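Quick one: this structure, given as structure tokens, is what I'll be asking you about.
The values are calculated or read from the model by the stated rules, or taken from the named source; none is laboratory data. Just so we're clear, the structure is a prediction, and the values are computed from it rather than from any experiment. Quick reminder, even Gly has a Cβ in these numbers, built from the backbone with ideal geometry, and neighbours come from all protein chains shown. What goes into the accessible areas is simple: the full protein's heavy atoms, side chains included, and nothing from ligands, DNA or RNA. Shrake-Rupley method; radii C 1.70, N 1.55, O 1.52, S 1.80 Å.
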Amino acid sequence: MAPARNSHRMKQLALDIGLATGPTLEGYFAGPNEAAVSHLQLWLGSGDTVAIHSPVPTYLWGESGSGKTHLLEAVRGTLIAQGARVGWLHPGLHDPPPFHEIWDAVVMDDVERYSAVQQHAAFNWFDNAQGLQRGVIAAGSHPPAHLALREDLR
């Protein structure tokens, strides 16, 4: 006698949930920040190839929740999609790597929260990026003149 077969079959349902994507400039509600978004779109270029970015640094500031991180992540994602190599510095990166000459741009978020080690790395990245005419985009909650910096970095 043959063993009984289970007549229950697994069923599969395909869900069209798509792959999670990161923040985009198109997905940002610009409101009063339209000039900043327009600047970033221009800075990024057409998207067909790696754009020639302005060596003039861009710094965004505003209160918590105003969308600075969204914009920086959108810029970073767009640059990577264009084939660029990007350095990314944020307060959660406790031991930042040295600047890499292969980077086409550096992006630095929440600069007011950097530790002394991160401040040192940020200035090193900034100086190297400027020297090589690479893009620099950073954001924080205060204007640059009001940032609390290590005395040796002022």
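Tally up the residues in segment 21-41 that are under 10 Å from His70 (Cβ atoms) and of a type in the set (Gly, Ala, Ser), please.
The total comes to 2.
Could you check segment 98-113 and list, in sequence order, the residues that are open to solvent by less than 50 Å² (accessible area, probe 1.4 Å), of a type outside the set (A, V, I, L, M) and over 21 Å from Ser64 (Cβ atoms)?
Answer for segment 98-113, where residues must be open to solvent by less than 50 Å² (accessible area, probe 1.4 Å), of a type outside the set (A, V, I, L, M) and over 21 Å from Ser64 (Cβ atoms): Phe99, Trp103, Asp104.
Can you name the number of the only condition in (1) open to solvent by 50 Å² or more (accessible area, probe 1.4 Å); (2) small (Gly, Ala, Ser); (3) within 18 Å of the chain's Cα centre (by Cα) that Gly131 fails?
(3)
Further question on the same structure: Does Glu34 qualify as being in a helix (DSSP H, G or I) and modelled with pLDDT of 85 or more?
yes
Pairs under 6 Å by beta carbon, first residue under 15 Å from Arg134 (Cα atoms) in segment 92-103, partner among the basic types (Lys, Arg), six or more apart or different chains?
Close Cβ pairs satisfying both conditions: Ile102/Arg85; Trp103/Arg85.
Which numbered condition trips up Leu147, out of (1) closer than 24 Å to Thr78 by Cβ; (2) open to solvent by 20 Å² or more (accessible area, probe 1.4 Å); (3) in contact with a strand residue (DSSP E or B) (Cβ under 9 Å, 6 or more places away or on another chain)?
(1)
Also, quick follow-up: Look at segment 102-153 and say how many of its residues are under 20 Å from Trp43 (Cα atoms), in a loop (DSSP other than H, G, I, E, B) and not hydrophobic (A, V, I, L, M, F, W, C).
The number of residues fulfilling the criteria is 4.
Specify which of the listed residues (Leu42, Leu72) is surrounded by fewer than 16 Cβ atoms within 10 Å (Cβ to Cβ), at pLDDT 80 or above and within 23 Å of Trp103 (Cα to Cα).
Leu42
Let me ask you something else. What are the residues in segment 52-69 that are surrounded by fewer than 14 Cβ atoms within 10 Å (Cβ to Cβ) and either at pLDDT 85 or above or under 16 Å from the mean Cα position of the chain (by Cα) (or both), if any? Reasoning before the result, please.
The initial filter retains those residues of segment 52-69 that are surrounded by fewer than 14 Cβ atoms within 10 Å (Cβ to Cβ), namely 52, 54-56, 63-65.
Glu63, Ser64, Gly65 - these are the residues of segment 52-69 that are surrounded by fewer than 14 Cβ atoms within 10 Å (Cβ to Cβ) and either at pLDDT 85 or above or under 16 Å from the mean Cα position of the chain (by Cα) (or both).
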